[in-house]
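The values are calculated or read from the model by the stated rules, or taken from the named source; none is laboratory data. Note that this is a predicted model, so its numbers are computed, not measured. Note that we place each Cβ from the backbone using ideal geometry, even for glycine, and neighbour counts take in every protein chain shown. These accessible areas exclude ligands, DNA and RNA; they are computed on the full protein's heavy atoms, side chains included. Shrake-Rupley method; radii C 1.70, N 1.55, O 1.52, S 1.80 Å.
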Amino acid sequence: MVFKTKKKNEEFSMGDNMEKEKTNTPDINSDSEYVIECQNVNLWYNEAHTLKDINMKFKKNCVTAIIGPSGCGKSTLLRCFNRMNDTIDACKIEGKVLFNGKDLYGKTADIRLNRKKIGMIFQKPNPFPMSIYDNLTYGPKIHRIYEKKILNSITENCLRRAALWEEVVDRLNETAMGLSGGQQQRLCIARALAVEPEILLMDEPTASLDPMATQKIEELILELKEKFTIIIVTHNMQQAARISDYTGFMYLGELIEYGKTVQIFETPREKMTENYITGRFG
């Protein structure tokens, strides 16, 4: 196979994270804690059956990558976790999506609270057209936090977590639109952290960034998983191998294979998975 670790073959670098083979990563079906579980999830846009019987569990404080060709349902699945698909007309969903054991689509689900706990980072950085400081305090203010001292503490803490504080500490009152693309994306991550989520959903977060900015975001993701559960959609096979603990491969709305990242990339069980990660189709 093309994807091999350095210690086996120098042909293709999977990065230090892959080299270690994530020996401490529990099996998908182990009893270790998980925060989201999909149970027979099906989704339709009008007559288009976009997600088909998805069953997945997402482990706490781990990075899970979802890979697959364009149009296979990756982003649609991601948007199920904070109910962004609710804004799309003629969207119908069946099955259960459990967050900490409670159905996100149940009659008693608190959508506002769940969206606070499940943050979203998009492909293109989308800072608000306001100051850096106002970007960071926007969410807390919505949740009725107005005390200046607390807002200042949230701003500094989240910018430090996003590895951005030192770069913007003297520019907090300047517009966020003046930041570079990579800085804007880290600002968006900091903004998501400001409302104290448990999960970060990332939809191609480095697709529009240069290699150096991409590296910073990947390093940040590895640091953030100590405190947060991260689910990332990516077309970048190397990225999935470098930063994720688990990988799920989707094709035409179905989950073809799901397991530890090292297993998916080195010894996939399904021929279709092997063909995809080695570039034979898709």
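Observations on the structure shown:
- Alpha-carbon centroids, the range 250-282 and the range 195-226: separation in whole Å: 23
- 5 angstrom amide H check on Gln123, placed H, neighbours 5+ away: Asp203
- The relative contact order of the range 191-282, computed from alpha carbon pairs under 8 Å that lie at least 6 residues apart in sequence, is 20 percent.
- Pair Ser180, Arg269: separation of 7 Å Cα→Cβ label points (nm): 4.3
- Going by accessible surface with a 1.4 Å probe and the largest first, Tyr34, Tyr146, Tyr138 read Tyr146, Tyr138, Tyr34.
- If the segment from Met130 to Trp165 were pulled out straight at 0.36 nm per residue, it would be longer than the present Cα-Cα gap by 10.9 nm.
- The residues of the chain have, on average, 48 Å² of accessible surface per residue, using a 1.4 Å probe with all protein chains present.
- Using equal-weight Cα scatterers in the Debye expression, the normalised intensity of the range 157-282 in log10 at q = 0.22, 0.23 Å⁻¹ is -1.28, -1.36.
- As a fraction of the 1.4 Å probe accessible area of the chain, surface on carbon and sulfur atoms comes out at 47 percent.
- Cross-linked pairs Lys225/Lys260; Lys57/Lys260; Lys59/Lys216; Lys216/Lys260: Cα-Cα separations exceed 19 Å for Lys59/Lys216; Lys216/Lys260.
- In this structure, the residue pairs whose Cα-Cα separation is over 27 Å, taken from Lys227/Lys271; Lys74/Lys96; Lys116/Lys149, are Lys227/Lys271.
- Gained length - Asn42 relative to His143, 0.36 nm times residue gap less alpha-carbon distance: 33.1 nm
- Stretchable slack from Asn55 to Ile88, in nm (0.36 nm times residue separation minus alpha-carbon distance): 9.6 nm
- CD proxy at 222 nm, helix term only [per DSSP H run n ≥ 4: -39500 (n - 2.57); per residue of the chain; nearest 500]: -9000 deg cm²/dmol
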